[in-house]
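The values are calculated or read from the model by the stated rules, or taken from the named source; none is laboratory data. Just so we're clear, the structure is a prediction, and the values are computed from it rather than from any experiment. Please note: Cβ atoms are built from the backbone with ideal geometry, for glycine as well, and neighbour counts cover all protein chains shown. Protein only, heavy atoms only, side chains kept; ligands, DNA and RNA dropped before computing areas. Shrake-Rupley method; radii C 1.70, N 1.55, O 1.52, S 1.80 Å.
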Amino acid sequence: MGGSEAKSGFIVMKAEKFLNSLFYAAFLAFLLAGRAFCAEGGRIPLAIRSGGSSHAFQVEVAREEEERRRGLMFREKLGEREGMLFIFESAGWLTFWMKNTPLSLDILFIDENKKIVNIHAGTKPFQEFPTYESKAPCRYVLEVVTGTCRRLGIRPGDRVEFQSLPAKGK
């Protein structure tokens, strides 16, 4: 290998190392910005992998006890690619109701590995009964506007992807 070839190889290696460092720095900034944004009541990106498709959403996060209790109560509008993600401290048998909720929703129960366990589609607005329960211990629940799961072909066993955030408050 000649001197100029070795020198150009060295430059390429330096450039790759720089680009990798730049990528990791940008990725870290993205994660930190997402945490700060979420802490300020913003939305985070969430994707559901169903079959060969990925369905993108922007979701509000309810990770404090009061946020989880309030949920989507009194909310009159929710976009087709919007929702609310409920995060619990640990997996457990979860039960939801529709008290003071004017929207009909699809409720997706999601386990600790971010796999959809079961779905209650087309809930009845303003109802305390019936309640909607998980069929196995779950750590997350996603509420989206009714018809979303049918329209996009989302079903139990599909995977949900989002930045992991801890639950807050008991």
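Structure above, values below:
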{"read-out": "Number of the exception - V145 against (1) of a type outside the set (K, R); (2) farther than 18 Å from E65 by Cα; (3) over 18 Å from the mean Cα position of the chain (by Cα)", "value": "(3)"}
{"read-out": "Qualifying residues in the range 149-170 (those that are part of a strand (DSSP E or B) and closer than 19 Å to P45 by Cα) - the one most open to solvent (accessible area, probe 1.4 Å)", "value": "R159"}
{"read-out": "Some residue of the range 37-52 being of a type in the set (F, W, Y) and modelled with pLDDT of 95 or more", "value": "no"}
{"read-out": "Counted residues, the range 52-70 - those being touching a strand residue (DSSP E or B) at 6+ places or on another chain (Cβ under 6 Å) and not polar (S, T, N, Q)", "value": "10"}
{"read-out": "Residue among M1, M73, M84 that alone is over 14 Å from V144 (Cβ atoms) and modelled with pLDDT of 95 or more", "value": "M73"}
{"read-out": "Failed condition for E128, given (1) over 16 Å from the mean Cα position of the chain (by Cα); (2) touching a residue at least 40 places away in the same chain (Cβ under 8 Å)", "value": "(2)"}
{"read-out": "1 or more residues surrounded by fewer than 20 Cβ atoms within 10 Å (Cβ to Cβ): qualifying strands (runs of 3 or more DSSP E) within the range 42-148", "value": "43-50, 53-62, 82-92, 116-120, 138-145"}
{"read-out": "Test for K77: is it over 26 Å from S54 (Cα atoms), without any contact (Cβ under 8 Å) to a residue 40 or more places away in the chain and basic (K, R)", "value": "no"}
